[in-house]
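The values are calculated or read from the model by the stated rules, or taken from the named source; none is laboratory data. Treat the numbers as computed from the prediction; the structure is a model and nothing was measured. Ideal geometry is used to build each Cβ from the backbone, glycine not excepted, and the neighbour counts take in all protein chains shown.
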Amino acid sequence: MRASKVAMISGTVRNFAVGMVVLATAWTLVAADAESVVNPRDTLAFKDGDRVQGSVVSQSEELIVFRSDRFGELRVKAGEGVVIPREKDPEVAEVAAVAKPEVATPEERAKAEAREAEVERATAWDRYSPSVLTARVRRFFGPWKGRFAISTEIVSDSAERNYYSFETKLGRKWERNDVQLTGRYDFVETNDVPTTDMIKGSGSWRHEFAKNRFTHYRPSVELNRASKRQGMPNDYILLQQEFGAGFQILGTPTRTVRSGVSYNLFDIWNSAPEPDHTSRDAISVFEEIELKLPWQMGLTQRGVWYPVQNRRDGWENRIELNKRLTETLSASLRHEVRRHNPDGSAQDYDRLKLLFGFDF
């Protein structure tokens, strides 16, 4: 028994090490395409979220004249964009403050203060407007794109239920690589008793080859602190690693369809009725759909089928309809289902969510 446990643990460590090597290789490939960091400049932020770097030539209540580094001189209506000033070096700012001459007379000092107050009042909205805040978030994350989303529900009928969900997502695309990172927390309470308390983190790396071929690696970790097993509370940790390859059947600016096969490794640590650890592997078939719809809407779907011998086949599916409300806010309707997961003991579920998100 002890020898089998040692062999199982060593196999798990070996599988996880293989996954880390794959992930390190992915990072090495995508880092080669990374963009160089440039010195901060003035930023002209448009309402649709686009930005250009350069310097301000002049700015009035009607017109912004901006000399961009890439497109030359631009003339933009004041209502279509705002200027985010460059961040000054503290030492330079201190020297400038020391070298700045004092106002000669009290009248001139009062006029200067009045002008500064007027500029501050006129630019306060621009400084904290949604477009500027979004531009600053995008500048912080650089080429990474993402979303912060929240969903909540409070229901009181025959039972009192509270539901909360928080999610964050980051992604970046290169010419032949696509990286996605996702973190999520779900909590459901019924009559003051937690029925769902789950933290889940997942990642995805896809590398595209010629002739519409691709390969991917998708690790995920799930911690459930409100699960039950054989009628007993069972906190479990599920580690899943998916190594797959496939073909892009359709690839247009508005429609993408992919399909392929994967090899999956499942490791699960249970706490009840006795602490144990099991490892399994399974082959799966998957398909992915991404559609861009009219009215700033998008549809994504991913389905996985696990054919398993001597047991019921497992499957899971996730479909999401997203609607852009503004250049920064969005709403999503998502349905998720999981049945007979090959790991052997993780809970099945069926979820329908309405989420509101902040996109950047």
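Overview of results
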read-out	value
Whichever residue in the stretch 228-259 is closer than 15 Å to Thr196 by Cα and of a type in the set (Lys, Arg) and, among such residues, is farthest from the chain's Cα centre (by Cα)	Arg229
The stretch 224-250 - residue that is of a type in the set (Gly, Ala, Ser) and modelled with pLDDT under 85 and, of those, surrounded by the most Cβ atoms within 10 Å (Cβ to Cβ)	Ser227
Of all residues making up the stretch 181-227, the number that are assigned to a loop (DSSP other than H, G, I, E, B) and of a type in the set (Lys, Arg)	2
Single condition Arg334 does not satisfy, out of (1) crowded, with 16+ Cβ neighbours inside 10 Å; (2) over 28 Å from Tyr164 (Cα atoms)	(2)
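Per-residue answers, yes or no, for (1) buried (at least 16 other Cβ atoms within 10 Å of the Cβ); (2) at positive phi:
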{"site": "Asp276", "(1), (2)": "no, no"}
{"site": "Leu291", "(1), (2)": "no, no"}
{"site": "Trp295", "(1), (2)": "no, yes"}
{"site": "Gln301", "(1), (2)": "yes, no"}
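One line per residue, one yes/no per condition, for (1) among the hydrophobic types (A, V, I, L, M, F, W, C); (2) touching a residue at least 24 places away in the same chain (Cβ under 8 Å); (3) touching a His at 6+ places or on another chain (Cβ under 8 Å):
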{"site": "Arg161", "(1), (2), (3)": "no, yes, no"}
{"site": "Ser165", "(1), (2), (3)": "no, yes, no"}
{"site": "Val188", "(1), (2), (3)": "yes, yes, no"}
{"site": "Asn191", "(1), (2), (3)": "no, yes, no"}
{"site": "Ile199", "(1), (2), (3)": "yes, yes, no"}
{"site": "Ser204", "(1), (2), (3)": "no, yes, yes"}
{"site": "His216", "(1), (2), (3)": "no, yes, yes"}
{"site": "Pro219", "(1), (2), (3)": "no, yes, no"}
